[in-house]
Amino acid sequence: MRHRHRTGARIIVAIAVQSLAAGCGQVSDLMQPASASSQTKRVVSIAVTPDTVNLSTGGSQQLTAVALGSNGQPVNGKVAWSSDDTLIANVSSTGLVTAIAAGAATVTASSGSQRARAVISVSPSSPADTTPPPPVTLPVAGIKTALSATQLTVGQTTQATASLWDANGQPLADRVVVWSSTNAAVAAVSAAGLVTAMSAGSAQIIAASEGVTGAATITVSAPVPTAPDLTGIPLYPGDDLHAKVAAAPAGTQFVIKAGVHRQQTITPKSGMTFVGEPGAILDGQDVTPYAFETLVTLSKNVTIRGLVITHYAPPYQRAAIQGDNGTDWLVRDNEISYSAYEAVHPGRRGHILNNNVHHNAIGGIAGYKSDSSVIEGNEIAYNGLGGFNENPATAEAAGLKFMNQYGLVVRNNNVHDNILGLWFDTGYQGTIVEGNTVVNNAHGGIWIEATYGAVVRNNRAEQNGGTTTGGWLAHAGIQVTNSPDVEVYGNTVLDNMNGIGVMETSGYPDGPYGPLHVTNLNVHDNTVRMQTGTTGLDQNTGDNSVFTSRNNRFVNNTYILGPNAGYFAWNGRFGLSFAAWQGYGQDLTGTASR
C-alpha cells in the first residue's frame, strides 16, 4: 500500500543541531585531539555533555563540547557559549553554568554555523536542598505485595501496593520500589504499580526494594463471549442477499441461516447486524469480489459476526470484507480465508475481534487511514504466501499491514506462519502493538516502518525471519526503519534471524510530522535470545548522527547469546561483542549470558 501512497522540575530534551538565536555568549576551545591533521577538518556537528542539567539556585555545572567532523571523529574548533536567559542560568567562556533563579534556560554551544544545546532546569533552594537526608538506620528486611484484585479479565486493571518493614518488624516508608511482572504478556505492570490484564494466564507481580522482593499472583481470564442474538430477518441459502438487504431499512438485524450462500455480496446500511448461524458460509467461489462492501456508501455501526467467509476474489488492494468507507464496524468471531487479495479492510474506529484470518493470498487484515481501530484477539496465519511475486513498489504481503492511520491498537493476536507478521508503514501517532504472539513469519515478526511515535510492548516474537538474513538488519523479531520516537519494551524476542534490528536508510521523504529518521529511539527492558544474527542500529545514508546525537539508545535489556563472538551493531560496525556494545554506551545496565 506504499503508493497511497510529536517549565517543570525535569525536562528531557534531545540535542539538535540547528541555528538558534543566542543571548549573552562567551568563547572557548572545543575539546579535540591535538594532531595537526585535525586542523583541516570541517566541523559538521557538536556534541554537548551533559545535555540536560537540574540545579538549585546557586549551584553550578561544568559543560563540555566536542566538535565532530563528517566521519564522526573530533576536530579542532572554537566554541561560543551562550544562555538564552541569563537571569535564570549564566554560562562562562569555559562552559561553566551557574544557576541564578528558578526556571528553565537553554545554553548553546556554537562553532561557525553549527549549534548544540543543553537544557538547564533551576529549582529554588530550600533548607531541604542543603540539609542532608536523615541516615537510613535499618535496611529493608521484608516486603509484602498486595493486589486490589487477584483475578482479572483481559483489559481490566488493578493496583498493586507494597508494604515494607525492617529487621525489627517496623514499617518503612519513603523507600524506592521497583515493579515487574514475571509474564508481561499476561499481566503488565507500570512503574506506579498499576497492573493491566493482557491475555489469559497467570503471572507474579513483584515489588523490589534494596535487594528484597515480594510477590503476588494474578490470574487473567479471557473475556466470556456473549452468545449472538439469533433473532432477526432470516436469509436462506439461495436468497438474493444483496436485494433483501437493499430492501430493508437501516438498523435491521439479519440472521444468515446455516448452509452455503454462493456468490453473494452485501452492501450494509448503517446500524445493520449480520449474524451467522453455526454452519453459515458465504462462498465467493473465487469469482465474486466482495462478501461485504462499502465502495460508495458510508455505513456506520455495522456488525458482522459468526460467519465463514471464503474464496472471494477482491481486486488489487481490496478485501473480502471491504469496509474502508465504513465507520465503527464490528467484525468478530468469523473465519475469513482464501481471499485472492486480502481478508478484511476496516475503516475508521473498526473493531476486528476474535476472528480466524488464514490463507489469504496477499494479506490478512489491512487498513488505510483506519484511525482509532482495534485489532484484538485474532488468529492471523498463513497469509501473504501468494505474494512472493508482488510488485516491490506496492508490496504489502503480511499477516497484518496498516498505513496512514492514527491511534491504532493491535493487541493480543496470535500471528504465525505469514510471509511477514505485523507491518506498520507510514503510520501516525498512537500506534500501540502489545501482547501479541508473533511466531515463524518468513520475512520478520513486527516491523515499524516510517511511523511516528509507535509503542511496541510486551509481545513475544519467536523464530521469525526464515533461514536467510534477507539483507542487513531485516528479518528480525522486531525491526524499526526510519521511525522517530519509537519505544520498544517488555518484549521477549527469541531465536529470530535478527534480534531487534533498527535501520536508518535513504529514500524516505519527510512526513506530516517532520523528518522520518530514527530519532529518540528507546529500546529497553526486553529479553533477546540470539543464536545467530544481530541486534542493534545501522545506517546507509552516510550520516552518523543517528549514532551520536539523535538520542537513540538501548537500555537495560537482557541478552542470551549463542557461541558467536559478537551479536551487536553500532556506529557502522557489526559483530560487536557485548563489551564493545557497552563501550558505545548501550545497555550499560543490561546483561548478557550464554
Subject >> The lone exception for Ser372 - which of (1) out of contact with any Ser or Thr (no Cβ under 9 Å at 6 or more places or on another chain); (2) assigned to a loop (DSSP other than H, G, I, E, B); (3) within 27 Å of Asn436 (Cα to Cα); (4) modelled with pLDDT of 95 or more it fails >> reply: (4)
Original post:
With respect to Asn482, is the statement that it is modelled with pLDDT of 95 or more and crowded, with 16+ Cβ neighbours inside 10 Å true?
Top reply: yes
Original post:
Restricting the first residue to segment 285-298 and requiring it to be of a type in the set (Gly, Ala, Ser), which pairs with a second residue that is not in a strand (DSSP E or B) meet a Cβ separation below 7 Å and a spacing of at least six or different chains?
Top reply: Ala291/Thr265; Ala291/Gly284; Ala291/Tyr312
**OP:** Residue by residue through segment 502-525, note down the ones that are assigned to a loop (DSSP other than H, G, I, E, B) and of a type in the set (A, V, I, L, M).
**Re:** Leu516, Val518, Leu521
Original post:
Looking at Ser56, Ser45, Ser38, Ser19, which one is within 26 Å of Ser121 (Cβ to Cβ) and modelled with pLDDT under 60?
Top reply: Ser19
Original post:
Looking at segment 435-451, which of the residues that are surrounded by fewer than 23 Cβ atoms within 10 Å (Cβ to Cβ) and not hydrophobic (A, V, I, L, M, F, W, C) is nearest to Asn491 (Cα to Cα)?
Top reply: Thr437
**OP:** Would you check if Gly445 is modelled with pLDDT under 95 and assigned by TED's automatic domain parsing to the domain that holds Asp495?
**Re:** no
**OP:** Please state which one of Gly562, Gly575, Gly590, Gly583 is over 18 Å from the mean Cα position of the chain (by Cα) and at positive phi.
**Re:** Gly575
Subject >> Exclusive hit being crowded, with 17+ Cβ neighbours inside 10 Å, within 25 Å of Val488 (Cβ to Cβ), at pLDDT 90 or above and under 23 Å from the mean Cα position of the chain (by Cα), set Val177, Val154, Val189, Val195 >> reply: Val195
**OP:** Provide a single number: the residues in segment 548-594 that are aromatic (Phe, Trp, Tyr) and assigned to a strand (DSSP E or B).
**Re:** 5
Original post:
Which condition number does Gly384 fail, the rest of (1) within 12 Å of the chain's Cα centre (by Cα); (2) part of a loop (DSSP other than H, G, I, E, B); (3) of a type outside the set (Phe, Trp, Tyr) being met?
Top reply: (1)
**OP:** Could you tell me whether segment 396-417 includes any residue that is among the hydroxyl-bearing types (Ser, Thr, Tyr), within 12 Å of the chain's Cα centre (by Cα) and either at pLDDT below 95 or buried (at least 24 other Cβ atoms within 10 Å of the Cβ) (or both)?
**Re:** no
**OP:** Taking the residues in segment 245-282 that are touching a helix residue (DSSP H, G or I) at 6+ places or on another chain (Cβ under 6 Å) and among the β-branched types (Val, Ile, Thr) as candidates, determine which candidate is surrounded by the most Cβ atoms within 10 Å (Cβ to Cβ).
**Re:** Ile266
**OP:** Considering each residue of segment 567-583, count those that are surrounded by 17 or more Cβ atoms within 10 Å (Cβ to Cβ) and either hydroxyl-bearing (Ser, Thr, Tyr) or at pLDDT below 95 (or both), and give that number.
**Re:** 1
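The values are calculated or read from the model by the stated rules, or taken from the named source; none is laboratory data. Since the structure is predicted, the reported quantities are computational estimates derived from the model, not experimental observations. Every residue, glycine among them, receives a Cβ derived from its backbone with ideal geometry; neighbour counts consider all protein chains shown.
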